[in-house]
1. If residue 46 passes every condition in (1) farther than 20 Å from residue 93 by Cβ; (2) exposed (fewer than 15 other Cβ atoms within 10 Å of the Cβ) but one, which one does it miss?
2. Do we find that residue 41 is surrounded by fewer than 16 Cβ atoms within 10 Å (Cβ to Cβ) and within 17 Å of residue 3 (Cα to Cα) in this structure?
3. Determine whether residue 88 is touching a residue at least 12 places away in the same chain (Cβ under 8 Å) and either crowded, with 18+ Cβ neighbours inside 10 Å or under 14 Å from residue 4 (Cα atoms) (or both).
4. Looking at (1) surrounded by 13 or more Cβ atoms within 10 Å (Cβ to Cβ); (2) in contact (Cβ under 8 Å) with a residue 24 or more places away in the chain; (3) over 16 Å from residue 86 (Cα atoms), which is the one condition that is false for residue 51?
5. On the given criteria, is residue 56 surrounded by fewer than 17 Cβ atoms within 10 Å (Cβ to Cβ) and under 12 Å from the mean Cα position of the chain (by Cα)?
6. Do the conditions hold for residue 104, that is, is it modelled with pLDDT of 90 or more, surrounded by 15 or more Cβ atoms within 10 Å (Cβ to Cβ) and under 24 Å from residue 20 (Cβ atoms)?
7. Where in the stretch 1-96 are there strands (runs of 3 or more DSSP E), lying wholly inside it, with at least 3 residues that are more than 28 Å from residue 125 (Cβ to Cβ)?
């Protein structure tokens, strides 16, 4: 089964047996929520719809975005991402992974963001048994 791996430079810190998820975060300056929906495939993470609640520094809304339910909804055409690299620092706050109708802070699996470890990668991987998922890296 394909699942989601979290870690860095190919080292797995945690695995989740999920086939899709929403990655969410707040912009560090504007504090506006941003969300991106991904499907986990053998080729990588496939970006579906993205949503943002407003504009701000570095947050340009694409021309084809549609305002619906208080957020701008749009699609970007990207090849599967393998891996998806994220900056993760204490100053910026943490990412949320939303699946099965619940959102979870990445720190549930990885511990809090650290200045000494300012990046995180997400990628699709062969999911191992629950005993080998890893409780997180702190």
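The values are calculated or read from the model by the stated rules, or taken from the named source; none is laboratory data. Because the structure is predicted, anything quoted here is derived from the model rather than measured. When we count neighbours, we look across all protein chains shown, and the Cβ atoms used for this are built from the backbone with ideal geometry, even at glycine.
1. With (1) farther than 20 Å from residue 93 by Cβ; (2) exposed (fewer than 15 other Cβ atoms within 10 Å of the Cβ) applied to residue 46, the lone miss is (2).
2. yes
3. It is true that residue 88 is touching a residue at least 12 places away in the same chain (Cβ under 8 Å) and either crowded, with 18+ Cβ neighbours inside 10 Å or under 14 Å from residue 4 (Cα atoms) (or both).
4. Status for residue 51: all satisfied but (2).
5. The answer is no for residue 56.
6. yes
7. Those strands (runs of 3 or more DSSP E) span 66-68, 71-75.
Per-residue answers, yes or no, for (1) at pLDDT 95 or above; (2) closer than 24 Å to residue 107 by Cβ:
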residue	(1), (2)
9	no, yes
38	yes, yes
48	yes, no
54	no, no
60	no, no
83	yes, yes
90	no, yes
